[in-house]
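Colleague: Please read through the structure below; I'll follow up with questions.
The values are calculated or read from the model by the stated rules, or taken from the named source; none is laboratory data. Only a predicted model underlies this, so the values are computations on that prediction, with no experimental measurement involved. Cβ placement follows ideal geometry from the backbone for every residue including glycine, while neighbour counts extend to all protein chains displayed.
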C-alpha cells in the first residue's frame, strides 16, 4: 500500500518579543495537506503575529491550493503592517512560483538569513527560539519526498484544462460575469499573464471587478493556471 502524502510543520520565533515567526515546511503541500499549513498561519494571525517567514527548503511540490493559502490572507496581514515572505525554494518549486507570477505578490529569497533581513527586525545572538514554548505543529512521521504526480507531469500536454469543457466556451459579446470574461480572453490570447488578463478584463467589462486574485481563482477553478493548458484550450476552441 503506497504511503500517504504528508506534511511536517514546525514553528520558531525570533527578534524582539518573538516578532518574526518562521514556519519550516517539509513534504508535499497539496489539497490534502494544505489545510494544516493554513491552520498554522491562521493561528499566528489570531495571535497577532503578522510577520511570517516560510522556509520551503524541504518542500518538493506545492499545488495551486497550497499557493492559494499564501495569498488568500496576504492583504489582511499587510493591513496590519506585516508580510509573508518565502525562502529556500528548490528550483522546481521556484519555477512554478514564477510561472504563476507570484513574484508580483509575495517576495522570495534564496536563504533564511536574507529573508530575515528583509523584515528589518533587530535579531538577537540567541538565534531562533520556540514561540513561548508553543509548538504550533510538529509531525514526527516520515516525510514522503516525492508526489505521485510530479511538476513535470502536471505540466505535460496531457494535463486537463477544465473539469467541464462546457464551462469554457465564452463568446464575443456574450460574457455576463467575471468568469465568462476571463475564459473568453484566454481563448483570444492564451499567453497573456495573470496581470495582463486582469487589465484586459477591466477594459472589456469595466462594470465588473477584476484583480489579480480574482483572475487567479478563475484560472485555478478551470485548471488553466499554466500557459500550456490555456494554449490547449484556445487551440481546441479554434477548431470548433
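Colleague: Looking only at region 62-82, filter to residues that are on the phi < 0 side of the Ramachandran plot and at pLDDT 90 or above; which one of those is surrounded by the fewest Cβ atoms within 10 Å (Cβ to Cβ)?
Modeller: Ranking the qualifying residues of region 62-82, first place goes to 79.
Colleague: Answer with yes or no whether residue 17 is in the same structural domain as residue 91 (by TED's automatic domain parsing), in contact with a helix residue (DSSP H, G or I) (Cβ under 9 Å, 6 or more places away or on another chain) and surrounded by fewer than 21 Cβ atoms within 10 Å (Cβ to Cβ).
Modeller: no
Colleague: For the subset of region 101-113 comprising residues that are under 19 Å from residue 21 (Cβ atoms) and surrounded by 13 or more Cβ atoms within 10 Å (Cβ to Cβ), which member is nearest to the chain's Cα centre (by Cα)?
Modeller: Among them, the one singled out is 106.
Colleague: Suppose we filter region 23-70 for residues that are outside any strand (DSSP E or B), more than 12 Å from the chain's Cα centre (by Cα) and either closer than 17 Å to residue 100 by Cα or without any contact (Cβ under 8 Å) to a residue 24 or more places away in the chain (or both); how many remain?
Modeller: 3
Colleague: Follow-up. Any chance you could count how many residues in region 192-208 are assigned to a loop (DSSP other than H, G, I, E, B) and within 20 Å of the chain's Cα centre (by Cα)?
Modeller: Final tally of qualifying residues: 2.
Colleague: Restricting attention to region 72-92, and to residues there that are closer than 18 Å to residue 41 by Cβ and assigned to a helix (DSSP H, G or I), which single residue is farthest from the chain's Cα centre (by Cα)?
Modeller: 79
Colleague: Going through region 215-231 one residue at a time, which ones are closer than 18 Å to residue 106 by Cα and buried (at least 19 other Cβ atoms within 10 Å of the Cβ)?
Modeller: 215, 216, 225 - these are the residues of region 215-231 that are closer than 18 Å to residue 106 by Cα and buried (at least 19 other Cβ atoms within 10 Å of the Cβ).
Colleague: Give all pairs with beta carbons closer than 7 Å in which a residue from region 207-221 that is at positive phi meets a residue that is assigned to a helix (DSSP H, G or I); count only pairs at least 6 apart in sequence or on separate chains.
Modeller: Hits for this filter: zero, empty list.
Colleague: Taking residue 224, is it under 24 Å from residue 95 (Cα atoms), within 18 Å of the chain's Cα centre (by Cα) and outside any helix (DSSP H, G or I)?
Modeller: Yes, satisfied.
Colleague: Suppose we keep only residues that are at pLDDT below 90 and more than 21 Å from residue 116 (Cβ to Cβ) within region 1-22. Which one would you say is farthest from the chain's Cα centre (by Cα)?
Modeller: 1
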